[in-house]
Structures are given as C-alpha cells and as structure tokens.
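**Q** One structure follows; several queries about it will come next.
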Amino acid sequence: MAETLSGRARELFAPLGPTYDRYARLLSFGQDPRWRRFLVSRLPVGPDETVLDVACGTGAVALELVRQTGCSVVGVDQSPEMLAEARKRIGARLIKTERIRLVEASARELPFEDASFDGLTAAYLLRYLDDLPAGLAELARVLRPGATAALLDFSVPQSSLARQAWNVYVDAGLPTLGRAISPGWHEVGRFLGESIRRFDAEWPPERLLAAFREVGFESPSARRLSLGGCLVGGGLVGVTDRDQVSHALLTSLLGLTGSGTVQQPGRRRAPPVAGETRENLRSARVAGRGGRPRSGAWPTACGRCS
Ligand SMILES: C[S@@+](CC[C@H](N)C(=O)[O-])C[C@H]1O[C@@H](n2cnc3c(N)ncnc32)[C@H](O)[C@@H]1O
C-alpha cells in the first residue's frame, strides 16, 4: 500500500474511472452533484475567463463550470485513468470541447505560471494533500490577485444525531455497498470513513481557514452542507502591497489618474498546458470584464467557521 496520501489516491482511483460518476452519486444519496453545483456557484467568473479545476477526476466540476458560467476550464488530475474517463465524458457532452483542456499533473507541482488563472475549484482534493499548507500555497500561486478559489470535501457532521447516522453509514454501509459493487469500490468504502475522520480531526474548519489565510487568501470562509457531510471553503487571493505599489507606479507612468483597479497587475494570459499549444487556450481576462456578478459570491460563515 502507498505510503503517501497522494500515492494512496493514485491506487484508489485507478480502477474507478468508468463507474465513478454513477456510484459517487448513488453512495452520496444524490448529494454529490448538488455539492458541485454549490461549489461552482461560488466563483464569480464569466465566459472570457479561465478556471483551473484541480483533481478534476472524470470532469464533473469542469462540466458544471462551463454549464453555469460559460468559462474555459483547465482540468488537472494525477490519474490517467480518471482523465481518460473525463475525455470520454466531455467528448460526449460538449459540442465545443476546446472549452475544457485536461492535463495530467500533481496538485503538488502545477505546471503553470504564477497568477495564470481567474478562479480555481477543487472537489475532494484536500484529504489527499500530503502537505496541506504547501498544497494550498501551490493553488494560490497559480491564481491572479483578486481571483476566487472554492474547495470542497467530505466532513464529519456536527450534531450528535447526524453524526451517529453518519458513523453507521461510513463504518458499515459504505464498505458493504462497496463490496457489492466491485473490489475497487470495496477498497474506497473501507478507506473513506477513516480518511474523513482523520482530516476533520487534523484540519477542523477554523484551522483550515487559518491555513487559507496563511497562504494569501483574504477573508476565507466555509460552509457546511447536507447536515455537515460536506464542507465548502475558500476565499479570494489577496492583492499584495507589492501589486498595489507596482500598479500605482504603472498608472502614474502611463499618466493615468483615478483609483483604477488593483487587479490589473496580476493579469496573465492563459497558461500553457503540457503537450498543447498556448494558442489553443483562451486568454485569461481581467476580473469584472465578462465576469458574471454572482449573487452572494461567497457563503456567509457558518456556526463553527469564520
Ligand atoms: C474523489 S475524486 C474527485 C474527482 C472530481 N473532483 C469530482 O468532483 O468528481 C478525487 C480525485 O483527486 C485526484 N487526486 C488526488 N490527489 C491528487 C493530487 N495530489 N494531484 C492531482 N490529483 C489528485 C484523484 O486522482 C481523483 O481523480
């Protein structure tokens, strides 16, 4: 068995690709797609912008991003098997497949320049990061200042009744159902409960949000969904003093007046993707231009979260 969390994820997901979507929905009692819809609704992006979806798996979040916002997406995953399924799925669903590019890479070392993206999503990545602060820093690195990141993962319900039911489900229900499906799902069924508990104990929402803040996300917040079975968290990449100073200098050099937007210095073109040409990708656009204003862009803090 692999010694690292990312190595364990590699083993777990290798056999799941073809059946992942069907059983992920079934085993989450249909909540899984709802959580992804909520995750995507947090991103204030529009058709001219490019979002990075990390741990994209079979492409469910990427497809939802295109459906909700019309943005372009670069999906990254370390599993060739999950990406193969994503290619099939995206090919079958999308007329304009150039909206979504897929890249095989690890979240630990993203093959993109700094400040390349207008937004970032990651569903079920957090528990597989071997070094969470370093992983979050790498996600923040590829976002332009002012861009939003939204991440979700499973969580342990707070109320004692919901937690009791959850315990029974992850300890007995999931392994049993997994065994009935396939050896691969049996393995996942046995793995998930402990993985979620371990993560919840080590990274409770307050500590997770502090880690977000530490790597440069401003006003990070989190929200629990489905009685606490899911946690969605994230924030905006802060605009640093250096960005503000360089923008002020640029503005005065160009003879411009007025406050202007401080998001401009972080603007970058869409990132080159391994094995593909830069021309294939759309240009990243500065926030606000073409960006859809989304109501209540980030959830208000929940009970235990700040
Ligand atoms: C439960 S699946 C979720 C897939 C997708 N986000 C979704 O919502 O359906 C977790 C995915 O994370 C990927 N993954 C885990 N650790 C990773 C890492 N360090 N770098 C890139 N991908 C990773 C796995 O290969 C797998 O496809």
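**Q** So F38 fits all but one of (1) open to solvent by less than 40 Å² (accessible area, probe 1.4 Å); (2) closer than 17 Å to A180 by Cα; (3) among the hydrophobic types (A, V, I, L, M, F, W, C); what number is the exception?
**A** (2)
**Q** Looking at (1) hydrophobic (A, V, I, L, M, F, W, C); (2) within 16 Å of the ligand (Cβ to nearest atom); (3) open to solvent by 10 Å² or more (accessible area, probe 1.4 Å), which is the one condition that is false for A165?
**A** (2)
**Q** While we're looking at this one, here's another question. Do you know which of the residues in segment 116-162 that are part of a loop (DSSP other than H, G, I, E, B) and open to solvent by 10 Å² or more (accessible area, probe 1.4 Å) is nearest to the ligand (Cβ to nearest atom)?
**A** The selected residue is Y124.
**Q** Something else about it: Looking at segment 179-188, which of its residues are free of Cβ contacts under 8 Å to residues at least 24 places away in the same chain and of a type in the set (G, A, S)?
**A** A180
**Q** Something else about it: Just one of (1) open to solvent by less than 80 Å² (accessible area, probe 1.4 Å); (2) part of a helix (DSSP H, G or I) trips up R179, so point out which.
**A** (1)
**Q** Please note which helices (runs of 4 or more DSSP H) are completely contained in segment 28-110 and include at least 2 residues that are more than 23 Å from T4 (Cα to Cα) and more than 14 Å from the ligand (Cβ to nearest atom).
**A** Helices (runs of 4 or more DSSP H) meeting the threshold: 60-69, 80-93.
**Q** Please identify the pairs in which a residue from segment 129-153 that is closer than 23 Å to C230 by Cα has its Cβ atom under 8 Å from the Cβ atom of a residue that is away from the ligand (no atom under 11 Å from the Cβ) and among the basic types (K, R), counting only partners at least 6 apart or on another chain.
**A** Close Cβ pairs satisfying both conditions: T148/R42; A150/R42.
**Q** Next up: Can you say whether E11 is out of contact with any Cys (no Cβ under 7 Å at 6 or more places or on another chain), away from the ligand (no atom under 11 Å from the Cβ), within 30 Å of A180 (Cα to Cα) and of a type in the set (D, E), as far as the supplied structure shows?
**A** For E11, the condition - out of contact with any Cys (no Cβ under 7 Å at 6 or more places or on another chain), away from the ligand (no atom under 11 Å from the Cβ), within 30 Å of A180 (Cα to Cα) and of a type in the set (D, E) - is not met.
**Q** Additional query: State the number of residues belonging to segment 16-35 that are under 14 Å from A86 (Cα atoms) and open to solvent by 50 Å² or more (accessible area, probe 1.4 Å).
**A** 2
**Q** Are there any pairs, at least 6 apart or on different chains, whose C-beta atoms fall under 8 Å, with the first in segment 202-219 and within 15 Å of R141 (Cβ to Cβ) and the second surrounded by fewer than 16 Cβ atoms within 10 Å (Cβ to Cβ) and modelled with pLDDT of 95 or more, and if so, which?
**A** A211/P133; E214/P133; V215/P133; V215/A137; G216/A137
The values are calculated or read from the model by the stated rules, or taken from the named source; none is laboratory data. Given the structure is predicted, the values throughout are model-derived calculations rather than measurements. Cβ atoms come from the backbone with ideal geometry, glycine included; neighbour counts cover every protein chain shown. To get the accessible areas, we keep the full protein, side chains included, count just its heavy atoms, and leave off ligands, DNA and RNA. Shrake-Rupley method; radii C 1.70, N 1.55, O 1.52, S 1.80 Å.
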